[in-house]
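What follows is a set of notes on a single structure, which appears directly below.
What follows draws every value from the coordinates through simple rules; no lab data is involved. It should be emphasised that the depicted structure is a prediction, and the values quoted were computed from it without experimental measurement. Please note: Cβ atoms are built from the backbone with ideal geometry, for glycine as well, and neighbour counts cover all protein chains shown.
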Amino acid sequence: MKYLHSKIAIIATICVVCFFGFSCATKSAVDISKDFPMAVVSVHSNTTIPWFEEGKTVDEDDQINEDGLINSMLNKSINAKNPEINSNKDRIEMAEDKVLTMLINKGNFKLIDKDTVLNNKVYKEVPNGLLDFMSATCIPVGYKKLSPDSRKIARMIMDSLGAKSLMYITFQFEKEKSHSQVYARTTMSVRILNDKGKMVVRKDYIALSSNGVRMYGNSYDKESLVALFPESIEAAVNKFIYSVTLGDVAESTLEDEEATPIKLNRPKTTENSETTEVVTDDTQSTEEVESGESAVEKDDSAVDSEKKAMARRMLSRGMSAEEVAEITELSLEEVKALQSE
């Protein structure tokens, strides 16, 4: 009987290991190059710059923070001199231009030409729905607000363009207050649907401007805030390019994922020391601590190697040392050393 119980326990353990192994395998990194050529078919954003609310979930179908077309028209009339509102068209046009330029030049994406997409007969005939018309959405000239949920329309567009995948981009522009400063916050939601009907990328990329605008009570220079968005938009696009190049974008379900900035996990270090500080339990043995330190060092080394390889590719594409350092989180000295190799 004891032998039978032992055998059952072993079989159960094997099943659990196989299950988790299979689950991990299904989260393998996406090879974006398999989905080229790609067509960007939808780019849009909110029309105002609302305050960022901590804990609020950004949803692709509920990203527009206005109450619809009528209120949008009233707001436009009332706030005609508000630079946060009257700059919305320029902002989304600039964001769209940055996306296409950076994907091609920095990300080495094989994109179908914008004019080819916008002048495509099938694409031009796709109607904007009533809900899209009623929502206050800012869309670059020539584009439509499309959803990747419409697989039939996506298939028609792909067949007509000869594309292997379609990219849908939604921008949420917000302002975030921190320590009497207000910062430009950009959330770039990217959805990529391939020719097999699979959503290979469904992720949000968040970036804050490096500088803020001084607040005096509840007042601040709105024009100065608007001027910070190009940097924050570029940083969000860089995060997307960086994550895909590093294979950090995993296939996901169609359920919404939490919008969080991309971060590379590294061991914690003390402020006044370059020595890695491994946090352990008081109950851990010396051998366990040493083993943990060894594992951390190996992981850290692997991350550094990966980041340096990424930095070399970025430098070879003409990016500046400062840009590469910001994106990869390597020091400027490390990047310049790679540059001189």
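GLU176 to GLU125: FRET efficiency via 1/(1 + (r/R0)^6), r the Cβ-Cβ distance, R0 30 Å, to the nearest 0.05? Let's see the in-between values first.
Values: r = 40 Å, r/R0 = 1.34.
Efficiency, from the Cβ-Cβ distance: 0.15.
Can you pull out the trypsin sites (Lys or Arg not before Pro) in region 141-241 whose DSSP state is coil and whose Cβ has at most 10 other Cβ atoms within 10 Å? The partial results should precede the final answer.
On the way: sites: LYS144, LYS145, ARG151, LYS152, ARG155, LYS164, LYS175, LYS177, ARG185, ARG191, LYS196, LYS198, ARG202, LYS203, ARG214, LYS222, LYS239; in loops: LYS144, LYS145, LYS164, LYS196, LYS198.
Here the trypsin sites (Lys or Arg not before Pro) that fit, given the DSSP loop and packing criteria, are LYS196.
By the scheme Lys and Arg +1, Asp and Glu -1, what is the net charge of all other residues having a beta-carbon under 14 Å from that of ARG155?
Neighbourhood net charge equals +2.
For the pairs LYS110/LYS196; LYS110/LYS336; LYS110/LYS198, flag any whose C-alpha to C-alpha distance is greater than 23 Å. Please list the in-between numbers first.
Values: LYS110/LYS196 18 Å; LYS110/LYS336 29 Å; LYS110/LYS198 19 Å.
Table pairs above 23 Å Cα-Cα are LYS110/LYS336.
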